[in-house]
Amino acid sequence: MSSTTPSATHPETSTKPDTCTSSLPEHPQTSSSLVGQKSTSTSSRPQTTAACSAPVPNCEEIENRIRKNIRCSWRDMLKLCEEKDVSKLGEIPVSDFLDIAEKFHLDLSKEEINQVTTKYDIKKNGKFAYYDFLQSCILLLKPQKSTLLQRVIIPKPQNLMSPGPQSMLFYSTMLRIQPQILHCWRPMKRTFKSYDESRTGLLNVADFRQILHEYKINLSEEELFNILEYYDKTLSSKISYNDFLRAFLQ
């Protein structure tokens, strides 16, 4: 009893923490690191944030550099990726992607490879999500700063679209019809407008599908569902044809 009471009653407990800071570094470092020892705590914590946040802006520069090369050969790249993707999950081992990247002369440095493979390890399982990678280089799904040329080609929407989920089938469908859209997007745009009598920029699903069919773009029920799920998140049975066309016109 006498050995336990001094620590609770005597004022030595108020001076002990000051002496304990030098002898017992485990507990005080959590509080003192906020004041004078940030170097020890920040060296361990930001490693997780740096690994996640740092590659994002750098990858945009990398993708912009290799985009022109990928546009010329993305169909062959996709075919090889699908052959390697035995489980059909839209992802392949990183080593397989590196072999494909080397075959198509993407010329990625070790640092760029680390950034790209980290970004597209979507499930954090050491695999490379090739559909996500190819669509980011071929399609324009994310809102970006529009140039003057883009404003003339496709008018910017007054209300920004809130996109829905992006499934692997959505990516594969958009990539499959991309060559056809690029071939006829101008007359298709005029046809969209002719159906849009109220000039809202929106078409009902039946008209949208009919116009695609007129231009020999046939979608299965599942493919159409995945496109609508992305462009009609609110289930309004309307689709913005400008948003749809903009995805193919980088």
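Given a cut-off of 18 Å, name the pairs among Lys68/Lys103; Lys84/Lys127; Lys79/Lys123; Lys103/Lys123 whose C-alpha atoms lie farther apart than that in the structure shown. Beyond 18 Å between Cα atoms: Lys79/Lys123; Lys103/Lys123. Ignoring aspartates and glutamates fewer than eight residues from Lys189 along the same chain, the ones with Cα atoms less than 16 angstrom from its Cα are Glu197, Asp207, Glu214, Asp243. Using R0 = 45 Å, the C-beta based FRET efficiency linking Lys123 and Ser73 works out to 0.95.
When the residues Val94, Val86 are ordered by accessible surface, computed with a 1.4 Å probe over the protein chains alone, the sequence from largest down reads Val86, Val94. If you sort Ile138, Ile122 by accessible surface, 1.4 Å probe, largest first, the order is Ile122, Ile138.
The values are calculated or read from the model by the stated rules, or taken from the named source; none is laboratory data. If you're wondering where the values come from, they're calculated on a predicted model, not measured in any experiment. Every residue, glycine as well, gets a Cβ built from its backbone with ideal geometry; the counts of neighbours run over all protein chains shown. These area figures cover heavy atoms from the full protein model, side chains too; ligands, DNA and RNA do not enter into them. Shrake-Rupley method; radii C 1.70, N 1.55, O 1.52, S 1.80 Å.
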